[in-house]
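Inspection log for the structure reproduced underneath, given as structure tokens.
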Amino acid sequence: MSATGETKAMTPPDIRMRKGQTPLVCLTAYTTPIARLVDRHCDIVLVGDSVGMVLHGLSSTLGVTLDMMIMHGQAVRRGLVRALMVVDLPFGSYEESPEQAFRNAARLMAETGCAAVKLEGGQTMAETIRFLAARGVPVMAHVGLTPQAVNTLGGYRVQGRGDDAERIRRDAGAVTKAGAFSVVLEKVPEPLAKRITAEIAVPTIGIGASLACDGQILVSDDMLGLFSSFRPKFVKRYAELGDQADAAIAAYAADVRERRFPAAEHLYANETKAGGVT
Ligand code: KIV
């Protein structure tokens, strides 16, 4: 709470200061109702480009556009009070140059009200992160498995095994030095996540990267059982809402076919009742 009694939203410096403290709780949201549900439990709500696969049925995140991120960002903004809102820069909107990244990050911030952006990449993105951070754009970095690079990585494999660990360590170090306020570590072995978390000065947010991280993130639709096209090992299902929705829709269909719905309580009387209830 602030001095005026209003709930104060989390800021990038608040997140940065949580390094080594109580674990940061992070989830994705793409819509107002889900944003309202996750807000009071989360420190960070990410409008991830996973929206392309989860809500739009795309086969990867590569087809997600800046306009899609803006539309979903605006919807999420309306549902948040407390959590820090971070929006993903989608594939093709930041890799060309720091100037291109700034132009599109500024649009995301101005049009959605988000306080930070996330982008994928390590050493190759360090210059861009430095450029953005110096110009008022807080950046959450994302290293390890970077889904926008699915074609160059050859799939959604674990990253940083064996000799490859050095590459991911250098990536995490480079984005931290460049000014990222936190780093998502995706699908890397536990010893590497432990080492990076001990080495870098900002919080690591793990997804498939073990308890060693300073926080955890999951795609809400994955942990709620609403997205079932595939299920990575790192997803824990906390509910089976997809199954519940299927049962509810089947019950509705049966009621309509058997003429059980609508029932008397769902009908409108011909006359307005005293008291004006309609
Ligand atoms: O797009 C996304 O949802 C993400 C998280 C899974 C980290 O990048």
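Numbers at a glance
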quantity: Top of Leu218, Leu108, Leu153 by mean-square fluctuation, Gaussian network on the chain, Cα under 10 Å; calculated: Leu153
quantity: Percent accessible area from carbon and sulfur atoms, the range 140-274, protein chains only, probe 1.4 Å; calculated: 53 percent
quantity: Distance between the range 251-271 and the range 1-75 - C-alpha centres, whole angstrom; calculated: 39 Å
quantity: Spatially proximal lysines relative to Lys233 (Cα-Cα < 18 Å; intrachain offsets below 8 disregarded); calculated: Lys187
quantity: Length added when fully stretched, Leu62-Thr152, from 0.36 nm per residue minus Cα-Cα; calculated: 31.2 nm
quantity: Separation in nanometres of the label points that stand 7 Å from Cα toward Cβ, at Gln244 and Ala134; calculated: 5.0 nm
quantity: Dipole axis of the range 44-137 (+1 Lys, Arg; -1 Asp, Glu on Cβ), positive-most option in Val64, Ala134, Ala115; calculated: Ala115
quantity: Under 17 Å from the Cα of Lys194 - aspartates and glutamates, other chains or at least 8 residues apart; calculated: Asp163, Asp164, Glu166, Asp171, Glu186, Asp214
quantity: Cβ charges +1 (Lys, Arg) and -1 (Asp, Glu), total dipole of the chain, debye; calculated: 520 debye
quantity: Förster-model FRET efficiency, 35 Å R0, Phe230 and Met71, C-beta, rounded to 0.05; calculated: 0.90
quantity: Helical mean residue ellipticity (222 nm; -39500 (n - 2.57) per DSSP H run of 4+; nearest 500) of the chain; calculated: -10500 deg cm²/dmol
quantity: Inter-site label distance for Ala201 and Thr7 at 7 Å from Cα along Cβ, in nm; calculated: 3.2 nm
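The values are calculated or read from the model by the stated rules, or taken from the named source; none is laboratory data. What you see is a predicted model, and the numbers here were worked out from it, not measured in a lab. Ideal geometry is used to build each Cβ from the backbone, glycine not excepted, and the neighbour counts take in all protein chains shown. We work out accessible area using only protein heavy atoms, side chains counted, and drop any ligands, DNA or RNA first. Shrake-Rupley method; radii C 1.70, N 1.55, O 1.52, S 1.80 Å.
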